[in-house]
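Enquirer: Structure below; questions to follow.
The values are calculated or read from the model by the stated rules, or taken from the named source; none is laboratory data. Quick caveat, the model's predicted, so the values are computed rather than measured. Every residue, glycine among them, receives a Cβ derived from its backbone with ideal geometry; neighbour counts consider all protein chains shown. Surface areas here come from the heavy atoms of the whole protein model, side chains and all, with no ligands, DNA or RNA. Shrake-Rupley method; radii C 1.70, N 1.55, O 1.52, S 1.80 Å.
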Amino acid sequence: MRFLYLVVDDLNADEAEMTRLAERGRALVGPDDIFDVTRIEIGPGYFYESVVGGALVVPGVLHAVNRHGAGYDAIILGCATDPGLDAARSITDCAVIGGGEASVVLTALLGRTFGVVTIAESAIPELRAQIRRVGAESRCVGVESIETPFADVDRKYEQARDAVAEQAISLRDRGADSIILSCMSFGFTAMAQDVSALIGIPVVDPVRAAVAAGHAQAITGARVSRKAVPRLENPGFLHDYLGRLTQLSLDSGLTGYAPSLPETETMPAQSRKDSHA
């Protein structure tokens, strides 16, 4: 299969980071699969975990899906809140996969109940809405945050792992049969395997869940129902709008505009609710 992973949360990522994501992503797929990584071209430099951040990246997601959809079997959205998921599905016949949605669905095969660990408290309302949308609210025992910048999931791995394990143990003790790691950054580390070994129940990696969902669709030959997500019949206005938005970004330098990633040991108080998944 041909997978494309869309980076939506860090449009200023350097080539070393893009290479890291591509190499680790390729380790998650089969030997005959392709796992490419690209950034969206329209959006803020960083996707802040909030309803506003999610809204800002949707034009970039649509632009990328429109541009690349014909060349891939599945496109994975690079944020576990799945920004623009249904809108993206409405403009392509390529499978568009949300790692958050795929993870919630997968928990039904692992047990009766689940808990969610994310990186930012500000993401929790969106994640709860996602769980309701999938129809799994009654199975969710809770959604907790470790309040950690997404980059620290990798660069301060042991600290992040311990924080995740603490929240996962709490959710397990409240009745969760499995745990979802609701940040795509977790998927490019060994977090799911390590935390599962520590707490004794399954832990779902959203990137692997997305890859599995893509393979499931390919094996079954199933695609999104056009009754649930109608195909956009008159895409001309969308193409025109995205073209003008792209030119605006180029003319004004908006693409990739953002301050540098935080380098401090802990997140500043004013940005604790603005980390990204």
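Enquirer: Quick test for you: out of ARG133, ARG89, pick the one residue that is under 18 Å from ALA216 (Cβ atoms) and basic (Lys, Arg). Walk me through it before giving the result.
Expert: On the way: ARG133 fails: under 18 Å from ALA216 (Cβ atoms).
Only one candidate passes the filter, namely ARG89.
Enquirer: I want to confirm something. Restricting to segment 85-99 and keeping residues that are in contact (Cβ under 8 Å) with a residue 40 or more places away in the chain and either within 17 Å of ARG128 (Cβ to Cβ) or not aliphatic (A, V, I, L, M) (or both), which single residue is surrounded by the fewest Cβ atoms within 10 Å (Cβ to Cβ)?
Expert: Checking each candidate, the answer is ASP93.
Enquirer: So which residues in segment 152-171 are in contact with a helix residue (DSSP H, G or I) (Cβ under 8 Å, 6 or more places away or on another chain) and surrounded by 21 or more Cβ atoms within 10 Å (Cβ to Cβ)?
Expert: Answer for segment 152-171, where residues must be in contact with a helix residue (DSSP H, G or I) (Cβ under 8 Å, 6 or more places away or on another chain) and surrounded by 21 or more Cβ atoms within 10 Å (Cβ to Cβ): ASP152, VAL153, ALA160, VAL164, ALA165, ALA168.
Enquirer: If ALA16 meets every condition in (1) at pLDDT below 95; (2) surrounded by 17 or more Cβ atoms within 10 Å (Cβ to Cβ) apart from one, which number is that one?
Expert: (2)
Enquirer: Next question, about the same structure. If GLU49 passes every condition in (1) outside any helix (DSSP H, G or I); (2) out of contact with any Asp or Glu (no Cβ under 9 Å at 6 or more places or on another chain); (3) crowded, with 24+ Cβ neighbours inside 10 Å but one, which one does it miss?
Expert: (2)
Enquirer: Using beta carbons and a limit of 8 Å, which pairs, at least six apart or on different chains, have the first residue in segment 19-48 and under 15 Å from PHE150 (Cβ atoms) and the second one open to solvent by 40 Å² or more (accessible area, probe 1.4 Å) and among the aromatic types (Phe, Trp, Tyr)?
Expert: The qualifying pairs are PRO44/TYR257; GLY45/TYR257.
Enquirer: Of all the residues that make up segment 199-227, how many are closer than 22 Å to GLY99 by Cβ, in contact (Cβ under 8 Å) with a residue 24 or more places away in the chain and either of a type in the set (Gly, Ala, Ser) or open to solvent by 30 Å² or more (accessible area, probe 1.4 Å) (or both)?
Expert: The total comes to 12.
Enquirer: Additional query: Keeping to segment 140-179, report how many residues are of a type in the set (Asp, Glu) and assigned to a strand (DSSP E or B). Spell out how you get there, then give the answer.
Expert: Of segment 140-179, the ones of a type in the set (Asp, Glu) are 144, 147, 152, 154, 158, 162, 166, 173, 177.
With the extra rule that they be assigned to a strand (DSSP E or B), the set shrinks to 144.
So the count comes out to 1.
Enquirer: While we're looking at this one, here's another question. State all residues of segment 52-84 that are hydrophobic (A, V, I, L, M, F, W, C), open to solvent by less than 10 Å² (accessible area, probe 1.4 Å), out of contact with any Phe, Trp or Tyr (no Cβ under 7 Å at 6 or more places or on another chain) and within 16 Å of PHE3 (Cβ to Cβ); if no residue qualifies, say none.
Expert: Residues of segment 52-84 that are hydrophobic (A, V, I, L, M, F, W, C), as a first pass: 52, 55-58, 61-62, 64-65, 70, 74-77, 79-80.
Cutting the leftovers down to open to solvent by less than 10 Å² (accessible area, probe 1.4 Å) gives us 57, 61, 64-65, 74-77, 79-80.
Among the residues that remain, those that are also out of contact with any Phe, Trp or Tyr (no Cβ under 7 Å at 6 or more places or on another chain) are: 61, 64-65, 75, 77, 80.
Answer for segment 52-84, where residues must be hydrophobic (A, V, I, L, M, F, W, C), open to solvent by less than 10 Å² (accessible area, probe 1.4 Å), out of contact with any Phe, Trp or Tyr (no Cβ under 7 Å at 6 or more places or on another chain) and within 16 Å of PHE3 (Cβ to Cβ): VAL61, ALA64, VAL65, ILE75, LEU77.
Enquirer: Could you run through segment 160-191 and say how many residues are under 17 Å from CYS79 (Cα atoms) and either free of Cβ contacts under 8 Å to residues at least 12 places away in the same chain or in contact with a Phe, Trp or Tyr (Cβ under 7 Å, 6 or more places away or on another chain) (or both)?
Expert: From segment 160-191, those under 17 Å from CYS79 (Cα atoms) are 180-189, 191; that's our starting set.
Checking the rest, the ones that are also either free of Cβ contacts under 8 Å to residues at least 12 places away in the same chain or in contact with a Phe, Trp or Tyr (Cβ under 7 Å, 6 or more places away or on another chain) (or both) come to 180, 183, 185, 189.
Summing the residues that are under 17 Å from CYS79 (Cα atoms) and either free of Cβ contacts under 8 Å to residues at least 12 places away in the same chain or in contact with a Phe, Trp or Tyr (Cβ under 7 Å, 6 or more places away or on another chain) (or both) in segment 160-191 gives 4.
Enquirer: Right, next: Give all pairs with beta carbons closer than 7 Å in which a residue from segment 126-143 that is free of Cβ contacts under 8 Å to residues at least 24 places away in the same chain meets a residue that is outside any loop (DSSP other than H, G, I, E, B); count only pairs at least 6 apart in sequence or on separate chains.
Expert: Close Cβ pairs (under 7 Å, with a partner that is outside any loop (DSSP other than H, G, I, E, B)) amount to ARG128/VAL143; GLU137/ILE131.
Enquirer: Still on this structure, please answer the following. Assess whether ALA102 counts as being at pLDDT below 95 and within 18 Å of PHE186 (Cα to Cα).
Expert: Values: at pLDDT below 95: no; within 18 Å of PHE186 (Cα to Cα): yes.
No; evaluated as a whole, the condition is false for this residue.
Enquirer: Quick check on my filter: what residues within segment 100-122 are closer than 20 Å to ALA163 by Cβ and either out of contact with any helix residue (DSSP H, G or I) (no Cβ under 9 Å at 6 or more places or on another chain) or open to solvent by 70 Å² or more (accessible area, probe 1.4 Å) (or both)? Break it down stepwise before answering.
Expert: Start the filter on segment 100-122 by keeping residues that are closer than 20 Å to ALA163 by Cβ, which leaves 100, 103, 114-122.
Across segment 100-122, the qualifying residues are ALA120, GLU121.
Enquirer: Here's something else I'd like to know. Out of (1) within 17 Å of THR113 (Cα to Cα); (2) out of contact with any Pro (no Cβ under 7 Å at 6 or more places or on another chain), what's the single condition that is false for SER182?
Expert: (2)
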